[in-house]
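Please treat every number below as a calculation from the coordinates, not as lab data. Remember, it's a predicted structure, so these values are computed and weren't measured experimentally. In this analysis, Cβ positions are derived from the backbone assuming ideal geometry, glycine residues included, and neighbour counts consider all displayed protein chains.
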Amino acid sequence: MIAREPQSTTAAASAGAPDAAIGSARPRLALCTAITTTSGTREGSFILTRKFLEGVREYTTHWPGPITVWIARAANADSNLDHVEVSPGDVPFDLRWIEGLGSGAARFMPAIASADLVLAALVDKHTCLAELCRRRDVPLVYISEYSVKTRQQIVRAETRNPLLRWRRHRWTTHLESRYENALRLAVGVQCNGLPTYQAYKSLNPLALLYFDTRVRETQLTPTAALEDRLAGMRQGEPLRLAFSGRLIAMKGADHLPLVARELKRLGVPFSLDICGGGALESSIRERLTRFDLSNEVRLRGVLDFERELLPLVSREVDLFVCCHRQGDPSCTYLETYSCGVPIVGYDNEAFAGLARISNSGGADWVTPLDDPLALARKIADLNQRREEIAVASRAALAFAAQRTFEQTMRTRVQHMLDCLRVHSQARAARVSQPQAVPL
């Protein structure tokens, strides 16, 4: 049976005036992120990504009370491409450090004590939150993104040392039982993508499926513009391909030159724009030179998402090439669909499930993992069936139009309010139970 995004457990309440069942007109939300980051150059500042900040700002639009984001310190910033320095006074929510080292439970007590509901990423350091919140009678909602299979695939993609790979694989397998126990104690879970929804929906009755994106309704490619682009594609010009994201192993960026080389060998007229940056950029550039692909492939670097990347994909791309070796629920999928651009790619859990339920291409557009030659052959096949690309393009845009950034965040906040309401009702039922009188 095809999984669908579940509706909220009750009718949507006004974000500005939730009903009395949630216990407070302005419930306090504590957001415990998976992010670890560094201080900025200004006193009291944080180094965070634009994408993360935009997401929390959207929470404040729909959540009826104050929001505090709790962040752990790190020695260095991560590999994301859109870091900015921000101070608490720059944003409509509070930013605080999680003090202390390691995974000790005590370091999370200030976050729990200050909240009416805790929203936490399902990562190893947060599994202790389930028992802590239960003891303090504070409802907890997890956000899950990586299934155990995806985490194991990431280990394989990023770990060369065989012994270290084996140890990390064992740790990942062991960690899954902790995740499952934590989910059983939590009030709800929000699953980004089908892999974790399929894995965890039986563990928690308030499981929500969503697809992450940062594309707003006003940024969707207009239907008329899509039809103009499709009309141009039908004229037989070289097929315009693209990839965007971090140029790292788990995203399969090192396979892009291999796909391009095989397309050229097959005689497919094409261009490929590679947008992004990362550890593999120099090696990709070297391969492109060695494979004599300078006329077909362009490395465009890191583009501004709104001003450069979205317009490029919307106007100048016919097909997105996805070499992701693992099933992380990347925003890339929905954001590409929002441009009316279908995806052809590797058989990871996230893309395979999305291709199935979106009707954009379907299972026939999913190719074996780690096989760039098979992916190139599929692109060559689609080049001969461009009307199929047109049909998939319309389906992609239709799917994304029902799941814009605003719609997704409204649904997620309503789910949190529903979880808070269910918890408050259960608490009231416990209090109202008659107490046994000792004889």
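Using only helices, what value at 222 nm comes out for the chain when you add -39,500 (n - 2.57) per DSSP H run of length 4 or more and divide by the total residues, to the nearest 500 deg cm²/dmol? Write out the running numbers ahead of the final one.
Working: 15 runs with 180 residues, N = 439.
Estimated from H runs of four or more residues: -12500 deg cm²/dmol.
Once the Cα-Cα distance is subtracted from the 0.36 nm per residue extended length, the TRP166 to ALA428 segment shows a gain of 89.5 nm.
Applying the Karplus relation 6.51 cos²θ - 1.76 cosθ + 1.60 with θ = phi - 60° to the range 355-362 yields 3J(HN,Hα) values of 4, 5, 8, 8, 6, 9, x, x Hz, where x marks Gly and Pro. Relative to the current alpha-carbon distance between ALA77 and GLU387, full extension at 0.36 nm per residue lengthens the span by 107.2 nm. For the range 296-319, the residues whose amide N sits under 19 Å from a probe point set 7 Å from the Cα of LYS51 along the beta carbon direction are 300-314. For LEU95, the residues whose modelled amide H falls within less than 5 Å of its own, excluding neighbours fewer than 5 places apart on the same chain, are VAL69. Express in whole angstrom the spacing between the alpha-carbon centres of the range 76-149 and the range 198-277. Cα centres, the range 76-149 to the range 198-277: 31 Å. Largest first, the extents of the alpha carbon coordinates of the range 185-297 on the three principal axes equal 56, 38, 24 Å. Can you tell me what share of the DSSP beta bridges in the chain is antiparallel? A percent to the nearest 5 is fine. Roughly 10 percent of the beta bridges in the chain run antiparallel, per DSSP. Residue ranges 49-57, 173-181 sort as 49-57, 173-181 when ordered by packing (mean number of other C-beta atoms within 10 Å per residue, highest first).
Grab the Cα-Cα distance for GLU180 and ARG26, subtract it from 0.36 nm times how many residues apart they are, and report the gain in nm with one decimal.
Working: separation 154, 0.36 × 154 = 55.44 nm, distance 3.10 nm.
Once the chain is fully extended between GLU180 and ARG26, it gains 52.3 nm.
For SER244, enumerate residues with amide H under 5 Å from its amide H, sequence gap 5+ or separate chain, H modeled in the peptide plane. Residues meeting the criterion, in which the H sits 1.01 Å from N, are CYS275. Sequence-ordered 3J(HN,Hα) estimates for the range 95-100 from the Karplus curve with 6.51, -1.76 and 1.60 and θ = phi - 60° stand at 10, 9, 7, 7, 7, x Hz, glycine and proline given as x. Please name whichever of LEU417, ALA75, THR173 sits farthest to the positive end of the charge dipole of the chain, dipole taken about the Cα centre and charges placed at Cβ: Lys and Arg +1, Asp and Glu -1. Farthest along the dipole direction, towards plus: THR173.
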